[in-house]
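The values are calculated or read from the model by the stated rules, or taken from the named source; none is laboratory data. Worth saying up front: this structure is predicted, and the values here are computed from it rather than measured. Methodologically, a virtual Cβ is constructed for each residue, glycine included, from the backbone with ideal geometry; neighbour enumeration extends over all protein chains shown.
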Amino acid sequence: MGHGHDHDHDHPQLSTGGDLSPAMDLSIPDSELSPSDVSRRGFLRGAGLLGAGAAASVLATPGAAEAAGLSHAHGPTGGGAEKGGFQWLAGDHHIHTQYSSDAQYRVLDQAKHGHAYGLDWLVITDHGSNEHAKIGVEKVNPDIRKTREELKGLLTFQGLEWNIPAAEHATVFVHPGKNEVAVLKQFEQTYDGSQLPATNTEAQNEAAAIAGIKFLASQVKQRKVEGALFLANHPARRGIDSPHEIRNWRDADPTVAIGFEGAPGHQAAGIPIAYGRGGARGYYDNNPSAASYAGYPLESYRTWGGFDWMTATVGGLWDSLLSEGKAWWITVNSDSHVNYLDQSERGPGSDFATNGKYNDPVYSGKTLTTAGDFWPGYYGRTNVGASSFAYKAVMDGLRAGRVWVDHGRLIKSLDARVRVAGDRRGSTGTPLGGVVQVKRGTSTELTLEIDLQDVPNFAAFVPVLKRVDVIVGTVTGPVTDKDTFKAPDTKVVKSFEVDAAAKSVSVTYSFGRLDKPFYVRVRGTDGKRTQPGLMGTAVDPYGPKLDVIGDADPWGDLWFYTNPIWVLPK
């Protein structure tokens with residue numbers, strides 16, 4: 001007997017197009033819904049999965065049937081890899097150039113290296129500052145447009161690194177177009193922390209950050225730009241991004257504020273002194289200050305397996321957001337300023353204060369072993385499931401959470417889906433970032449397909465995946481305290497050891513019958529450095545290990561992480 005494929009109620013409703021359930025279709029007023037759909041809509045609203053743009057972030061996820069039919073009209077120049085019906089495009093959203101006061105490279109230098117190291121898209125994000133606010137956004141734009149012309153196989157976005165009022169930094173970027181400079185310039189001059197009165201209170205600055213995100217959303221609504229995205233950078237580095245601020249950014253507009261760095265850049269900074277800087281991965285070498293959120297533990301100021309504490313801790317801050325049902329995604333990047341083993345220096349006679357840029361770099365004859373950064377694409381990559389090789393498709397994929405990340409090219413490719421148990425209809429299931437809707441009592445399962453690495457990475461060795469962990473958390477709805485950073489119901493539910501001789505991993509994990517809403521995410525490691533997670537062995541027995549300042553070789557500790565998939569009752 002088959003699994004009853006002709007019975008629609010046995011299968012998850014795809015969260016796109018005409019497949020929305022009545023409760024999720026906001027064009028249907030509450031008065032026209034059945035009592036059960038009214039109840040369901042209330043739950044979804046409360047969990048942050050409906051309304052205020054949430055439908056465009058959590059729920060706008062193409063189902064497998066639609067995805068499989070997508071045509072990839074990107075021509076011969078498009079990179080990426082096919083997996084699960086998507087074009088997986090590797091990228092980096094945090095890169096600096098000679099238009100940043102602490103960097104040195106041309107846009108084309110960063111872009112050419114990134115493309116050579118396998119990237120399909122990247123974002124130029126020079127620092128918001130007094131100089132940059134005056135001339136930087138306009139001055140860099142011709143270089144970006146020239147790079148787009150020269151490197152057709154690379155999608156080069158223009159953005160900036162926002163000094164978030166009252167908090168850390170963030171990548172902000174927009175879809176290319178005639179207004180990209182005007183929108184970014186108005187945003188920076190109005191909302192960058194460097195431009196606000198020094199007399200502002202913390203509350204005024206926090207409100208300015210929310211206003212900045214809403215401004216970006218308004219520019220999209222007014223069709224000034226086709227899209228705008230915000231991703232918080234190195235969120236735990238100084239302890240000043242409080243849990244309530246992160247929640248407030250996301251809630252200000254979930255179509256713009258979509259996530260944070262799961263791992264910071266500056267990964268080369270941890271290479272031991274004999275060969276490198278001998279510092280901390282990500283420059284995470286800080287301690288609490290008067291500006292820090294007092295509730296964070298001391299361990300949060302360090303990386304864990306190269307990843308930010310907010311992401312690395314199972315049952316921690318990221319999971320507390322996911323358990324609310326909030327769409328909040330993770331990425332990785334280079335934060336490239338000055339790169340390890342490079343042999344250039346800033347051009348002589350530079351006057352950054354006057355010109356807003358350094359002169360073009362020149363050959364130095366010296367090898368930079370103390371630089372903390374890698375070239376874009378050299379070590380970390382953010383892999384986005386896109387419908388085509390296009391700017392909008394990358395932004396849509398990021399917004400939808402179809403993203404997995406890795407360091408050191410740990411794996412080649414990944415496809416994770418949740419489906420009704422036993423459903424064998426081709427590449428069935430809901431992909432990363434998606435929402436599966438099934439009746440209570442329906443059995444669901446995770447399917448995971450990983451192509452293991454068989455070519456050397458840029459440290460000239462072939463990484464070996466040792467273990468894959470399946471992490472599950474209950475969706476409990478909104479928290480009463482917005483500074484909550486724990487999710488006590490989230491834990492590693494299953495670990496799979498990987499055969500060293502294997503070429504691929506194919507895993508099916510059963511969740512059993514649905515009795516309450518949950519989400520699932522996956523991570524994997526080369527297994528070289530592990531320890532029990534901060535929430536204890538019962539939650540995470542073999543998590544990433546706390547990185548040691550001065551002895552944190554990034555190549556000897558590799559991980560991948562996926563974004564979540566939700567499973568909700570309908």
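Got a sec? Which of Trp566, Trp555 is part of a strand (DSSP E or B), under 25 Å from the mean Cα position of the chain (by Cα) and over 19 Å from Trp309 (Cβ atoms)? Please lay out each step first, then the result.
Numbers: Trp555 fails: part of a strand (DSSP E or B).
The unique qualifying residue is Trp566.
Are any of the residues in the range 384-396 among the acidic types (Asp, Glu), more than 30 Å from Tyr283 (Cβ to Cβ) and either surrounded by fewer than 24 Cβ atoms within 10 Å (Cβ to Cβ) or in contact (Cβ under 8 Å) with a residue 40 or more places away in the chain (or both)?
Taking the range 384-396 and keeping what is among the acidic types (Asp, Glu), we get 396.
With the extra rule that they be more than 30 Å from Tyr283 (Cβ to Cβ), the set shrinks to 396.
Adding the requirement that they be either surrounded by fewer than 24 Cβ atoms within 10 Å (Cβ to Cβ) or in contact (Cβ under 8 Å) with a residue 40 or more places away in the chain (or both) leaves 396.
Taking every residue of the range 384-396 in turn, at least one turns out to be among the acidic types (Asp, Glu), more than 30 Å from Tyr283 (Cβ to Cβ) and either surrounded by fewer than 24 Cβ atoms within 10 Å (Cβ to Cβ) or in contact (Cβ under 8 Å) with a residue 40 or more places away in the chain (or both).
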- For the range 344-367, enumerate the residues that are among the small types (Gly, Ala, Ser), within 18 Å of His127 (Cβ to Cβ) and not in a loop (DSSP other than H, G, I, E, B). Ala353
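Quick one: which residue in Asp308, Asp342, Asp285 is in contact (Cβ under 8 Å) with a residue 24 or more places away in the chain, buried (at least 18 other Cβ atoms within 10 Å of the Cβ), closer than 29 Å to Leu229 by Cα and not aromatic (Phe, Trp, Tyr)? First the steps, then the outcome.
On the way: Asp342 fails: closer than 29 Å to Leu229 by Cα; Asp285 fails: buried (at least 18 other Cβ atoms within 10 Å of the Cβ).
Answer to the check: Asp308.
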- Kindly list, by first and then second residue, each pair from a residue in the range 135-162 that is in a helix (DSSP H, G or I) to a residue that is among the acidic types (Asp, Glu), limited to pairs with Cβ atoms under 6 Å and residues at least 6 apart or on different chains. Gly136/Asp126
- Where Ala291 falls short, out of the listed (1) in contact with a strand residue (DSSP E or B) (Cβ under 9 Å, 6 or more places away or on another chain); (2) under 30 Å from Tyr99 (Cβ atoms): (1)
- Item | Complete set of residues in the range 170-191 that are closer than 16 Å to Glu131 by Cβ and surrounded by 22 or more Cβ atoms within 10 Å (Cβ to Cβ) | Leu184, Glu188
- Can you tell me how many residues in the range 263-288 are outside any helix (DSSP H, G or I) and either among the small types (Gly, Ala, Ser) or out of contact with any Pro (no Cβ under 8 Å at 6 or more places or on another chain) (or both)? 17
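Just checking, which of Ala232, Ala203 is part of a strand (DSSP E or B) and of a type in the set (Gly, Ala, Ser)? Spell out the reasoning first.
Details: Ala203 fails: part of a strand (DSSP E or B).
Testing whether each residue is part of a strand (DSSP E or B) and of a type in the set (Gly, Ala, Ser) leaves just Ala232.
So which residues in the range 497-519 are surrounded by fewer than 16 Cβ atoms within 10 Å (Cβ to Cβ) and assigned to a strand (DSSP E or B), if there are any at all? Walk me through how you get there before you give the answer.
Of the range 497-519, the ones surrounded by fewer than 16 Cβ atoms within 10 Å (Cβ to Cβ) are 497, 499-504, 506, 508, 510, 512-513, 515-516.
Result: Glu497, Ser504, Ser506, Thr508, Ser510, Gly512, Arg513.
For every residue, the table says whether it meets (1) surrounded by 19 or more Cβ atoms within 10 Å (Cβ to Cβ); (2) β-branched (Val, Ile, Thr); (3) under 24 Å from Leu432 (Cβ atoms).
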residue	(1), (2), (3)
Gln104	yes, no, no
Trp121	yes, no, yes
His127	yes, no, no
Asp143	yes, no, no
Lys146	no, no, no
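Can you name the residue in the range 496-549 that is farther than 18 Å from Gly262 by Cβ and acidic (Asp, Glu) and, of all such residues, is modelled with the lowest pLDDT? Spell out how you get there, then give the answer.
Let us first name the residues in the range 496-549 that are farther than 18 Å from Gly262 by Cβ, namely 496-518, 527-528, 531-532, 536-539, 541-542, 548-549.
Subsequent filtering for residues that are acidic (Asp, Glu) retains 497, 499, 515.
Values: Glu497: 98, Asp499: 95, Asp515: 92.
Step by step, filter the range 496-549, then rank; the result is Asp515.
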- Quick one: would you say Val405 is part of a strand (DSSP E or B) and modelled with pLDDT of 95 or more? yes
